[in-house]
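Novice: Take this structure, written in C-alpha cells, and hold onto it; I'll ask about it next.
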C-alpha cells in the first residue's frame, strides 16, 4: 500500500492526519496546494516501500510555491521509475511517537507503542500488547516506556495529551479489523497538549 493510501486508511479509522493533498504533476500540485498553509512537507509516494529520508524522498520546511516545485522535482528524481506522485502536508510539530502492529504467527495481531522518529531504532523504547487493546491497556502501554516522563511533562517542559494519545492507540488497533492488513506503523505520530497527528504511515497487506 502506498503512502497516500496508507494515510487515507489511517484517517478512515479516526486517526488525526495533517491537512494534505496528493498530486502526480506540478500543475496539479500548485493548484491543490493553495488549500494548505505554509510551511509544508513534501513526501515521495512510490510503488515500492522506501525509507524516504535515506532515499531523498522527503523535503521539509517548504515556504513558497517555487520551493514546492523544486521539492517535487527532487522527489520525482529520487523516486525514479517507482515514482507515483507527491504527498504534500502542512508541517506539524510535537513529540514523536510510533504506533505499529504486526500479525505474529503464534499470538496473532500485536500492537507496539514507543518513542518515535529517529529514536525508535536508537533507544528501542517500546511496549507491546496482544489485541484487543482498549483505553486501559493503551494507557498502560504509554506508562510502561522509559520516555513516559517526557510524554507526561518533565522539568517545566510541556507534555502531551495522554487521553488523545491513548485514544489514537486504540483507533490504530482497529486497522486489524481488515484481515488483509498484516503489518503497519505510523512513525512519527506528532503529539502535543492538544492532539496526536500521524504524519507518516506504512501498511502491508496480503
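Novice: Grab the DSSP H runs of the chain that are 4 residues or longer, score each as -39,500 (n - 2.57), total them, divide by all residues and round the 222 nm result to the nearest 500 deg cm²/dmol.
Specialist: About -9500 deg cm²/dmol.
Novice: Could you put 167, 28, 185 in order, starting from the residue whose Cβ has the fewest other Cβ atoms within 10 Å?
Specialist: Ascending Cβ contact count within 10 Å gives the list 28, 167, 185.
Novice: Please state the relative contact order of region 19-90 as a whole percent: Cα pairs under 8 Å, 6+ residues apart?
Specialist: Result for region 19-90 is 47 percent.
Novice: Let me ask something else about it. What does region 1-104 give for Rg and for Dmax, in Å, if only its C-alpha atoms count?
Specialist: 13.7, 46
Novice: Further, regarding this structure: Using only Cα atoms, tell me the angle between helix 135-144 and the longest principal axis of the chain; keep it within 0 to 90° and round to the nearest 10.
Specialist: Value to nearest ten degrees: 90.
Novice: Of 174, 34, 139, which is the most mobile in a GNM of the chain whose springs link Cα atoms less than 10 angstrom apart?
Specialist: Of the options given, 34 has the highest mean-square fluctuation.
Novice: Moving to a separate point now. Using the number of other C-beta atoms within 10 angstrom as an exposure proxy, rank 142, 204 with the fewest first.
Specialist: Going from least to most buried by this count: 204, 142.
Novice: If each residue's Cβ is checked for other Cβ atoms within 10 Å, how do 38, 72 rank with the fewest at the top?
Specialist: 38, 72
Novice: Let me ask something else about it. Between 110, 45, 17, which gets the highest mean-square fluctuation from a Gaussian network model of the chain, Cα cutoff 10 Å?
Specialist: 110
Coordinate-derived values only; no laboratory data. This one's a predicted model, so the numbers in the text were calculated from it and none came from an experiment. Here Cβ is always computed from backbone atoms with ideal geometry, including for glycine, and neighbour counts include all displayed protein chains.
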